[in-house]
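For reference, the structure discussed in these notes is given below.
The values are calculated or read from the model by the stated rules, or taken from the named source; none is laboratory data. Keep in mind that what you see is a predicted model, and the values were worked out from it rather than measured. Positions of Cβ are backbone-derived with ideal geometry, glycine not excepted, and every protein chain shown enters the neighbour counts.
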Amino acid sequence: MADALSYIDEAFGAIPETPRSYKFRMQLVDEFTERANELTHRGIKDRNVINDLIISEHPDIKAEFEAVLSEEKRKKRRKNTALINILCSVLFALITVTAFIVHLVTVNNGLSWIILIGGFVVISVHFTSVLCAKWTAKKGFVFNAVARLQLAFSIMLVTALAFFIMLFKFNIVHSWALFPAGAVLALLADALYAHFARQRMAIFLYLFYIPIACALIYVVLGACGILPWSLGWLLIPAGIAIDIVIIILRLVMNQGESDEMKEDSEWNAD
């Protein structure tokens, strides 16, 4: 049994000491002791055989501990998600009642609609973000594509909420300009997602999105009177020029990497 306990000590040498790891370690000690007593009662007297049998049942204690932690985190995450879903449902019901009361008391349709739509958007963004995280965790092109669509959908929902607030509450004439601005943010968010998720061929997304974003920015700045329409159109060829610069830089970088690989292969050949 001493060899089995030494095996536990050796395995936990590669595991950080935490209250949870200590608890798992004590559970293993109790399990090993109970298993040794069980084998002894079955008539196995050779301690080496007992140790070998016990150790063979736990070939990788570190992986076993990580699996336990992963399962505990998954259960906790599911529990928290269920609780948040319940709270969101209750919140939406309260928001609906509040909007109805505001409508009856103030006879202000604009404010009641803002409250109602705001609650719907907040809850929708929450559920969309949860789904986005789940699709991202699955890995794979199709799952990531769905997650990216959900991310863009969330941004456009928030944009729609801002539009209704500016239109019904402040009566801003050019509030529609929020939609192309939201589309720019959606493109930026998608490009960042592709970068951090290390999507293949993400460079083509940048090349495709930059001219579109420049065109949308041109519309927003022109509509808001920040930049004259006659001058703002230069943003579109500027976006194409940025694409050309990115392509040239990428080609230079690839050529440099190719030369380094060629030099390394020649060095190894010598």
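Filtered by the rule that a residue be in contact (Cβ under 8 Å) with a residue 40 or more places away in the chain and either more than 11 Å from Pro180 (Cα to Cα) or surrounded by fewer than 17 Cβ atoms within 10 Å (Cβ to Cβ) (or both), the range 201-222 gives Ile203, Tyr206, Leu207. All of (1) of a type in the set (A, V, I, L, M, F, W, C); (2) in a helix (DSSP H, G or I); (3) modelled with pLDDT under 85; (4) over 22 Å from Val125 (Cα atoms) hold for Ala213 with one exception: (3). If only residues of the range 1-43 that are surrounded by 11 or more Cβ atoms within 10 Å (Cβ to Cβ) and outside any helix (DSSP H, G or I) are counted, the one that is farthest from the chain's Cα centre (by Cα) is Met1. In summary, Ile123 fulfils each of the numbered conditions (1) more than 15 Å from the chain's Cα centre (by Cα); (2) surrounded by fewer than 17 Cβ atoms within 10 Å (Cβ to Cβ) with the single exception of condition (2). Of everything in the range 216-230, what is under 35 Å from the mean Cα position of the chain (by Cα), part of a helix (DSSP H, G or I) and among the hydrophobic types (A, V, I, L, M, F, W, C)? Give them in sequence order. Result: Leu216, Ile217, Val219, Val220, Leu221, Ala223.
Return yes or no: is Val158 over 23 Å from Gly225 (Cα atoms), at pLDDT 80 or above and in a helix (DSSP H, G or I)? For Val158, the condition - over 23 Å from Gly225 (Cα atoms), at pLDDT 80 or above and in a helix (DSSP H, G or I) - is met. Condition check for Ser89 on (1) at pLDDT 85 or above; (2) of a type outside the set (A, V, I, L, M); (3) within 30 Å of Phe127 (Cβ to Cβ): one failure, at (1).
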